[in-house]
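The values are calculated or read from the model by the stated rules, or taken from the named source; none is laboratory data. Remember, predicted model here, so these are calculated numbers, not experimental data. So basically every Cβ, Gly included, is an ideal-geometry build from the backbone, and we count neighbours across all protein chains shown.
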Amino acid sequence: MKKSSFLLFLLIFLAILLASCVESNHSNLNTNNTLIVEDDFGYKIVIKGVPSRIVSLAPSNTEILFALGLGDKIVGVTDYCNYPPQALNKTKIGGYSTINIERVIALKPDLVVAAYGNGRETVETLRKFNITVVALNPKNVKDIERDILLLGKITGTEDNATKLVRWMEEKIEYIKKKVKGRKKVSVAHILWHDPIWVSGKNTFIDEVISIAGGCNVFDFEGWKIVSIEDLIEKNPEVIIVSSGSGMGGKRDVVYEWVVSDERLKGIDAVKNNRVYVVNADIISRPSYRIVFAIEKVAKLLHPNAFEKLVLHQSQS
């Protein structure tokens, strides 16, 4: 082979090798790159390079960020961020709806991941201090998956995000197959009892019920207050109540109210001992762990459909 031909071959080989290396690492943003994304508030956000100091303003965001392998980059979380356990060791920046702006600024984040419940004013205030804020507001499982992919894109963890979403979809398909063809069970989900707050349609909890083989007895939009007469009239076969820390205090009191209030004794769910408690941390947070809530509710509604359903004890 002539020397010139050999050099040409060598250059082509090196070019192919370099291209393959670049392609295999496409999920890692170059620190000089600028990325423009749109968040759930409709804002166009400019991301300059890969974030290295991240503050999370919601428990659901914290769970997702850790799942993407970003634990070492998280420098601040809310008082209610309790999963995974490592989150408890992070600097606290206030409550979910009572964010301490000064603490957030002091942490010098190059990315803040906010949520609808933080309030638009909080998001706007942080942006006035030239802090990059991405606000999330998922309304269903698909939205949760979309936000996971968004965070993966922003933080250079696209591969992890894709794997996590694929895992969610596989688990959901498995559950759907188990309950397919079975009679829908009428369900009421009660968040609080004084007044009675319940989950309606177009909420991710309503979707949990639907995927798990149930039918929400309340057909209004969102979360609303209902009367005890409304609950009695709907006569659900199953009542699910939230228990655990969620975004606030313990909620075992809701279960005690449902099973002990004389006015509710005639409801099918109470008569047939089908009032169940599901951890608020998995059913009330729009995180990837919503899959565990679907799994849990599916077994409660259709126990015969699962010969052996293994629930992760740390998640349920």
Would you mind listing the helices (runs of 4 or more DSSP H) fully within the range 53-164 where at least 1 residues are among the acidic types (Asp, Glu) and surrounded by 15 or more Cβ atoms within 10 Å (Cβ to Cβ)?
-> 59-67, 141-155
For the range 194-238, name all the residues that are of a type in the set (A, V, I, L, M, F, W, C) and without any contact (Cβ under 8 Å) to a residue 40 or more places away in the chain.
-> Ile196, Trp197, Val198, Cys215, Val217, Phe218, Phe220, Trp223, Ile225, Val226, Ile228, Ile232
Note: among Asp230, Asp219, just one is surrounded by fewer than 21 Cβ atoms within 10 Å (Cβ to Cβ), more than 17 Å from the chain's Cα centre (by Cα) and in a loop (DSSP other than H, G, I, E, B), namely Asp219
All-but-one check, Ile74 against (1) modelled with pLDDT of 95 or more; (2) under 20 Å from Asp110 (Cα atoms); (3) touching an Asp or Glu at 6+ places or on another chain (Cβ under 9 Å), failing number (3)
Only residues in the range 62-73 that are in the same structural domain as Gly95 (by TED's automatic domain parsing) count as the first member; pair them with residues that are surrounded by fewer than 22 Cβ atoms within 10 Å (Cβ to Cβ) and of a type in the set (Lys, Arg), Cβ under 9 angstrom, at least 6 apart or cross-chain, and list the lot.
-> Thr62/Lys90; Leu65/Lys73; Gly71/Lys90; Lys73/Arg53
Flag for Glu173 being out of contact with any Gly (no Cβ under 9 Å at 6 or more places or on another chain), among the charged types (D, E, K, R) and over 13 Å from Phe41 (Cβ atoms) | yes
Could you list all residues from the range 191-214 that are farther than 18 Å from Asn140 by Cα and either part of a strand (DSSP E or B) or not assigned by TED's automatic domain parsing to the domain that holds Ser227 (or both)?
-> Trp192, His193, Ile196, Trp197
